[in-house]
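Written out below as structure tokens is the structure these notes cover.
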Amino acid sequence: MSEELPELRASDADREKVAERLRDAMAEGRLDMDEFGERLDAVYRARTYAELEPLTRDLPATGSGAPAARPGAEPGGESWPARIGGTGDARWGIGVLSGFQHTGRWTVPARFKAIAFWGGGQLDLREARFESRETVIDCWTVMGGVNIVVPPGVQVEVRGIGIMGGFGRPAGDDTPDPDAPRVVVRGFAFWGGVGTERKPTRAQRRLEKERRRGEGGDRKELG
């Protein structure tokens, strides 16, 4: 394409077709989140066919019989069974007049202890692997707090006791994925709190953003 039409200008529809192929490739596991993000940014910067063509050169053509997304796969990520197993990276988080955090790609142990005394902690499990199908997070907070973020599909059970403080459950009704791990949050909070919230992963946010962008393009064409 680039040799025949190097300077032909690409349309919004052309860019959207390439973006759709990239979304399919990420869902199939052919591109990871970083590769998908880099290529998608390049798609919407592209002005000509010559700039678009290399972005899908190493991907199978649409309708080529490529395998569909793996069963139980999170949109744009690994399947849940593939994310369970291994050895936990850290088993403690301590914030005394300070803070701690575990975010991004890390392996959550089957048992994690979080302590916050006049401090705080952040545990983000959205991009993490899990040592076990069930993770127990024990939290002790005194005039401090711990915040735990889980992705959609993960079942969360909260059993903590609060005195002039409390333990929060994720807002909204979320149907657990049968292949996803289970997270149990328990412990004690005095003049402090332990919060749990459910947020989409980066891949899910990016897919939703592109879906809205595509819908906007469709409305523009209809108008």
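The values are calculated or read from the model by the stated rules, or taken from the named source; none is laboratory data. Since the structure is predicted, the reported quantities are computational estimates derived from the model, not experimental observations. Every residue, glycine as well, gets a Cβ built from its backbone with ideal geometry; the counts of neighbours run over all protein chains shown. To get the accessible areas, we keep the full protein, side chains included, count just its heavy atoms, and leave off ligands, DNA and RNA. Shrake-Rupley method; radii C 1.70, N 1.55, O 1.52, S 1.80 Å.
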Item to check | Complete set of residues in the stretch 96-142 that are touching a strand residue (DSSP E or B) at 6+ places or on another chain (Cβ under 8 Å) and of a type in the set (Gly, Ala, Ser) | outcome: Gly99, Gly104, Ala110, Ala114, Ala116, Gly119, Gly120, Gly121, Ala128, Ser132
Checklist entry - In the stretch 91-131, which residue that is of a type in the set (S, T, N, Q) and within 19 Å of the chain's Cα centre (by Cα) is least open to solvent (accessible area, probe 1.4 Å)? => result Thr107
Checklist entry - Does Val142 qualify as being among the hydrophobic types (A, V, I, L, M, F, W, C), farther than 30 Å from Glu208 by Cα and open to solvent by 20 Å² or more (accessible area, probe 1.4 Å)? => result yes
Item to check | Residue within the stretch 137-144 that is within 24 Å of Gly86 (Cβ to Cβ) and modelled with pLDDT under 90 present | outcome: no
Checklist entry - From the list Gly119, Gly166, which residue is within 18 Å of Ile94 (Cα to Cα) and small (Gly, Ala, Ser)? => result Gly119
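To keep it simple, each residue is scored yes or no on (1) of a type in the set (Lys, Arg); (2) open to solvent by less than 40 Å² (accessible area, probe 1.4 Å); (3) closer than 30 Å to Gly119 by Cα; (4) at pLDDT 85 or above.
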residue: Ser11; (1), (2), (3), (4): no, no, no, no
residue: Glu16; (1), (2), (3), (4): no, no, no, no
residue: Arg23; (1), (2), (3), (4): yes, yes, no, no
residue: Glu28; (1), (2), (3), (4): no, no, no, no
residue: Asp34; (1), (2), (3), (4): no, no, no, no
residue: Gly65; (1), (2), (3), (4): no, no, no, no
residue: Glu78; (1), (2), (3), (4): no, no, no, no
residue: Gly88; (1), (2), (3), (4): no, yes, yes, yes
Checklist entry - In this structure, is Gly153 at pLDDT below 95, within 28 Å of Leu40 (Cβ to Cβ) and open to solvent by 80 Å² or more (accessible area, probe 1.4 Å)? => result no
